[in-house]
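Colleague: Dumping the structure here so I can ask a few things about it.
Just so it is clear, none of the values below were taken in a lab; they were calculated from the coordinates. Predicted, not measured: the structure shown is a model, and the values here were computed from it. Every residue, glycine as well, gets a Cβ built from its backbone with ideal geometry; the counts of neighbours run over all protein chains shown.
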Amino acid sequence: MNRRIRTARLRLVAAATAVAALLVGAAAVPAATADHRTASAAATTLTSKELHQRVARILRDAGYTGITVEIRDGRREVRARAGVAERNTGRPMPYGANYRAASVTKTFVATVVLQLVAERKLSLSDPVEKWLPGVVSGNGNDGSRITIRHLLQHTSGIYRYDPTEETGDTAEAFEQNRYRHIDPEEIVAGAMKHRPDFQPADEDEPNPQWSYTNPGYLLAGMIIKKVTGKSWDKEVKERIVRPLGLKRTYAPGDDPYLRGRHAHTYKLFPGSTEWTDTTVRNVNWAGSAGSLISTDHDLNRFYAALLGGELLLPPQLAEMRRTVAVNADYEEVFPGMRYGLGLAQQPLPCGGDRWGHGGDLAGGTVRATTDAHGRRSVVVMTTGATSDDEQLLAAEREVQALLDDVMCARKL
């Protein structure tokens with residue numbers, strides 16, 4: 001399996017750890033992907049029994065440790081699970097567990113920025129230099145050419161720096177840095193040591209270059225603080241978490257532990273034959289790019305509220321849903337995917353689109369999606385990630401097909 005495919009899979013929703021940042025190459029998506037999507041289009045019902053069977057099959061085929069699915073269809077909730085929460089005890093996967101939402105954080109941050117736009121406290125066309133003078137500079141980086149829209153849409157060209165570039169992506173490196181405090185500003189500074197992937201296009205360019213980059217969202221979080229005087233996570237709490245009653249969504253800061261019930265996350269690092277428990281770790285460095293902790297229930301509520309118009313006024317929601325094409329890496333793995341402001345758009349095989357985001361963080365993944373009006377939403381959370389490219393791609397295909405089937409089903 002070519003490494004470019006793995007790069008795209010890990011970065012679709014890449015959480016705050018874009019471990020595959022340096023992987024490059026070229027290959028086509030296997031024909032089985034198209035076949036699976038065609039088969040998905042025929043689904044008209046998805047019973048509880050069928051859902052549980054699908055989830056169990058995904059667990060087996062993907063080699064996950066555990067998987068949970070929560071569907072919200074109006075006021076009705078449907079759940080399924082398979083696997084274990086802990087490899088050494090066999091404890092079953094818990095429903096409603098706390099987990100690291102990773103890059104789903106980006107949708108929360110983009111929502112706050114767009115609320116500030118509605119309040120006329122900033123503009124999407126504001127250059128980064130206006131709010132963070134001198135921060136984006138050097139090696140061809142120019143904050144006067146990059147706007148807030150560029151940051152939120154991944155069209156800034158800022159290098160996708162990740163701390164694993166220095167530490168390495170090994171089990172030993174993970175253990176050595178498990179509790180390490182890294183300020184988000186250090187990640188931004190690391191990105192500035194590299195030339196940008198490209199120079200940003202004018203905002204009215206319909207087909208700008210696109211490249212997923214976590215430092216862009218760290219900059220967005222820094223701008224939120226500069227504009228409001230409060231940290232990005234406090235603004236998320238006051239503007240989104242409290243109003244929606246998301247009781248178990250929070251930013252952990254330097255706290256390496258997960259509160260309450262949760263499943264353990266595991267990763268089989270390249271070159272290793274033993275699983276590493278990655279549950280306990282400091283993710284302060286991920287900040288506004290991917291540090292939130294949440295639950296499937298909270299995320300379903302959030303995306304339903306967002307697409308349902310509860311959080312943004314129509315003009316700002318329209319801006320969020322104003323999408324551009326993603327780059328070739330993503331397009332190969334996810335045909336037709338487009339990206340708005342902190343929100344991904346994917347075509348459904350039965351017609352229409354689904355909207356959402358997801359995240360990957362060393363041993364755990366989250367996939368959250370909803371329909372255009374927030375009436376039906378689904379969150380899939382998995383634990384246990386191998387370093388096998390074939391298995392990673394197959395796992396992603398099955399999860400994406402399940403999301404399609406849930407959204408296309410006439411009856412659940």
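Colleague: Taking the chain as a Gaussian network, where each spring joins two C-alpha atoms under 10 Å apart, which residue of ASP255, ASP277, ASP296 fluctuates the most?
Modeller: Judging by the Gaussian network model, the answer is ASP255.
Colleague: For the chain, what does the relative contact order come out to in percent, with C-alpha contacts under 8 Å and a separation of six or more?
Modeller: Computed value for the chain: 27 percent relative contact order.
Colleague: Next question, about the same structure. List the GluC sites (Glu not before Pro) within the range 221-310 that fall in a DSSP loop (any state other than H, G, I, E or B) and whose Cβ has at most 10 other Cβ atoms within 10 Å.
Modeller: Counting only loop positions with at most 10 other Cβ atoms within 10 Å, the GluC sites (Glu not before Pro) in the range 221-310 are GLU274.
Colleague: Please give the Cα centre distance for the range 213-288 versus the range 294-316, rounded to the nearest Å.
Modeller: 18 Å
Colleague: On to the next question. Just rank TRP275, TRP210, fewest to most, by other beta-carbon atoms within 10 angstrom.
Modeller: By the 10 Å Cβ count, ascending: TRP275, TRP210.
Colleague: When only Cα pairs under 8 Å and 6 or more residues apart are kept, what is the percent relative contact order across the range 181-271?
Modeller: Answer for the range 181-271 is 18 percent.
Colleague: Rank the residues ARG354, ARG322 as a footprinting-exposure proxy: fewest other Cβ atoms within 10 Å of their Cβ go first.
Modeller: Lowest count first: ARG322, ARG354.
Colleague: GNM on the chain, C-alpha springs below 10 Å: top fluctuator among SER288, SER231, SER103?
Modeller: Answer for the Gaussian network model of the chain: SER231.
Colleague: For the range 67-123, state which GluC sites (Glu not before Pro) are in a DSSP loop and have at most 12 other beta carbons lying within 10 Å of their beta carbon.
Modeller: Passing sites in the range 67-123 are GLU119.
Colleague: Tell me, ILE148, ILE182 in order of fewest to most beta-carbon neighbours within 10 Å?
Modeller: Ascending Cβ contact count within 10 Å gives the list ILE182, ILE148.
Colleague: OK, next. Need one number: % antiparallel among DSSP beta bridges in the chain, to the nearest 5.
Modeller: Within the chain, antiparallel bridges account for around 95 percent of the total.
Colleague: Here is a further query. May I ask for the distance between the Cα centers of the range 91-157 and the range 358-412, given as a whole number of Å?
Modeller: 23 Å
Colleague: List the pairs from LYS106/LYS225; LYS49/LYS411; LYS106/LYS237; LYS49/LYS247; LYS130/LYS225; LYS130/LYS226 whose alpha-carbon separation is above 19 Å, in the order I gave them.
Modeller: LYS49/LYS247, as the Cα separations exceed 19 Å there.
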